1. Hey, got the dipole for region 200-241? About the Cα centre, +1 on K and R Cβ, -1 on D and E Cβ, debye to the nearest 20?
2. Give me the Debye-computed log₁₀ of I(q)/I(0) at q = 0.11, 0.24, 0.25 Å⁻¹ for region 166-243, equal point scatterers on Cα only, no solvent, two decimals.
3. What are the lysines whose alpha-carbon lies under 29 Å from the alpha-carbon of Lys52, with same-chain residues fewer than 8 places away excluded?
4. Looking at the chain, send over the antiparallel percent of its DSSP beta bridges, to the nearest 5.
5. For the residue pair Asn44 and Gln241, what label-to-label distance in nm results when each label sits 7 Å from Cα along the Cα-to-beta-carbon direction?
6. Viscosity 0.692 mPa s, temperature 37 °C: Stokes-Einstein D of the chain from its Kirkwood Cα radius, in µm² per second?
7. With both partners inside region 110-243, how many of the DSSP beta bridges are antiparallel, as a percent to the nearest 5?
8. Whole-Hz ³J(HN,Hα) for each residue in region 55-66, computed from phi via Karplus 6.51 cos²θ - 1.76 cosθ + 1.60 with θ = phi - 60°, x for glycine and proline: what do you get?
Amino acid sequence: MTTRSFEPIEISQEILDRFKALPVATIWNHVVKDAGVALPFMENIRLWTPGKRLAARARTLRYLPPRPDLVAQTPRGENAPEYAAMARCGPGDVLVADMTGNPLSCIFGDVKAIQLKMNNADGIVTDGAIRDLDIMEQENYDLIIYAKARTPYASQPWSHPAQENVDIQCGGVLVRPGDVLVGDGDGVVVVPSWFAEECVAMVEEHEEVEAYIKRKIQAEGVRPGKYYPPTPEMYAEYRAQNG
């Protein structure tokens, strides 16, 4: 069994760019099978900015149910947790917000999100809701946005921004600061930072093997089950054919 270090790693833009060319479904398969992560796919989180691919480092923000003592103890104004979390976001980063899965509670709208635009961050992922999306598109925020729902509501009375740069859940998945979030039309998968470089290489070869299999199926006019799913023997054949 492979022994890995679970120390977080800062993932380079080169690795992120390679992830952008790969499907979430295949990434999910390898995170489950090879990294031993049982639940890496965010449930019921959908893409609201079609045509954009996400592969970015997670910068985390946790919302909690509001209570007077929590509200009193949380910094406000420009030092509030949501602004501190967005300040960590730049190119190659995505703000990931734990809204406890509440589709009524909105992370924020266009005025607060302008901080992400100014920082050239990649986007927002939340298991809550998003609002003012039309304005953000009209004013070219150029953010990739995944959320559970759209709403006109604010976060109150359901949620209060409480902590940033901490471990969170989003869509039922553990997200630790620096993890890689990859998203396409299927949704978002979380790749632990310590597995990201290994994962991208595995998935790249997996996709190449599947392309090889599809060519064989069509050339021979056979049923896909003859060669699919890929076996170790098919990997060996592919490698022999491609050096």
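1. Magnitude of the dipole: close to 260 debye.
2. With no solvent term, the Cα-only Debye profile gives -0.44, -1.07, -1.11.
3. Within the straight-line limit of under 29 Å, Lys52 reaches these lysines: Lys20, Lys33, Lys112, Lys117, Lys148, Lys214.
4. The antiparallel proportion sits near 55 percent.
5. 4.3
6. Stokes-Einstein gives a translational diffusion coefficient of 172 µm²/s.
7. If I count the DSSP bridges inside region 110-243, around 60 percent turn out antiparallel.
8. Computed from phi, the couplings for region 55-66 are 8, 8, 7, 7, 10, 9, 9, 10, 9, 10, x, x Hz.
No lab work stands behind these numbers, since they all come straight from the coordinates. Here the structure is a predicted model, which is why all the values come from computation and not from measurement. Neighbour counts run over all protein chains shown; Cβ positions are idealised from the backbone, glycine included.
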